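Below: the structure, in structure tokens.
The values are calculated or read from the model by the stated rules, or taken from the named source; none is laboratory data. From a predicted model like this one, the values you see are computed outputs, not experimental measurements. Note: ideal-geometry Cβ built from the backbone for every residue, glycine included; neighbour counts use all protein chains shown.
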Amino acid sequence: MPAFQPRFEDLPTEIAVFPLPGALLLPQGRLPLNIFEPRYLAMTQDSLARGRMFGMIQPDPAAAPAATGPGLYRTGCLGRLSSFAETEDGRLLITLTGVIRYEVTSELPLHPGGYRRVRADYGAFAADLAPIAGRGGGQGIGQGIDQGMDQGIDRPALLASLRPYFRARRIEANWEAVEQTPDAMLATTLAMICPFTVAEKQALLEAPTLADRAATLTALLRMGAHGEPSGGGRAS
């Protein structure tokens, strides 16, 4: 088990959540966040004092609003605060490392700090705690994370769909780093950073296995390569 990763039996059953459309956190992925709203500053500070974990989740545009805010998808991902820094203007710059997905069983009353909380069930996602594995180089952005046996990812198909997608979306890439990144970390990172819709990001989150997620990702890249460019960007 990776350092600082909790055991399944130690996972918190009641967690703070950060509802943010388009922000996808996956197990063992790393999500940078710029925290500036008072309620989320309070949530982050409370999380630093109590286990360093909170959940990411997307609002569900098809769900009825709750008393606490927009309706939420049922599936999110618990993250661990793996780094943070303060800015002179009072913001917190943090990195959240994905731990395990969860299902929302119920929502709790708002915390006095103004942020939302839920009861989380991790039972369907225990496999998320296992180190992700895959083939590929070990010197790129996934170094030290992907170890072990192949996860069934079709790397040639993924890379073949990636180049036309980046070209269509006018995204620049460090192709040397891409080639050196092991399969599982490549699929995880691309799913998190590519500019997919909220529904597409949720589909990637809810894919049962890493191989399923990579197949969904490949399909989304192929479809996106035929769409209109969404503006410039850069991926590393």
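Where residues in region 62-116 are surrounded by fewer than 17 Cβ atoms within 10 Å (Cβ to Cβ) and of a type in the set (Lys, Arg), which of them is nearest to the chain's Cα centre (by Cα)?
Result: Arg74.
Identify all residues within region 61-85 that are in contact (Cβ under 8 Å) with a residue 60 or more places away in the chain and more than 15 Å from Arg117 (Cα to Cα); write none if there are none.
Within region 61-85, Pro61, Arg80, Ser82 meet the criteria.
Restricting to region 69-89, name every residue that is more than 22 Å from Lys201 (Cβ to Cβ) and either at pLDDT 95 or above or assigned by TED's automatic domain parsing to the domain that holds Leu204 (or both).
Of everything in region 69-89, those that are more than 22 Å from Lys201 (Cβ to Cβ) and either at pLDDT 95 or above or assigned by TED's automatic domain parsing to the domain that holds Leu204 (or both) turn out to be Ser83, Ala85, Glu86, Thr87, Glu88, Asp89.
Quick check on Glu14: is it surrounded by fewer than 17 Cβ atoms within 10 Å (Cβ to Cβ), free of Cβ contacts under 8 Å to residues at least 24 places away in the same chain and assigned by TED's automatic domain parsing to the domain that holds Cys77?
Criteria not met by Glu14.
I need the full set of residues from region 17-52 which are free of Cβ contacts under 8 Å to residues at least 12 places away in the same chain and either closer than 25 Å to Ala191 by Cα or of a type in the set (Gly, Ala, Ser) (or both), in order please.
If the condition is that a residue be free of Cβ contacts under 8 Å to residues at least 12 places away in the same chain and either closer than 25 Å to Ala191 by Cα or of a type in the set (Gly, Ala, Ser) (or both), then Ala49 is the only one that fits.
With at pLDDT 95 or above and assigned to a helix (DSSP H, G or I) as the only criterion, which of Ala199, Ala177 stands out?
After ruling out the rest, the residue left standing is Ala199.
For Ala187, state whether it is modelled with pLDDT of 95 or more and either hydrophobic (A, V, I, L, M, F, W, C) or touching a helix residue (DSSP H, G or I) at 6+ places or on another chain (Cβ under 7 Å) (or both).
yes
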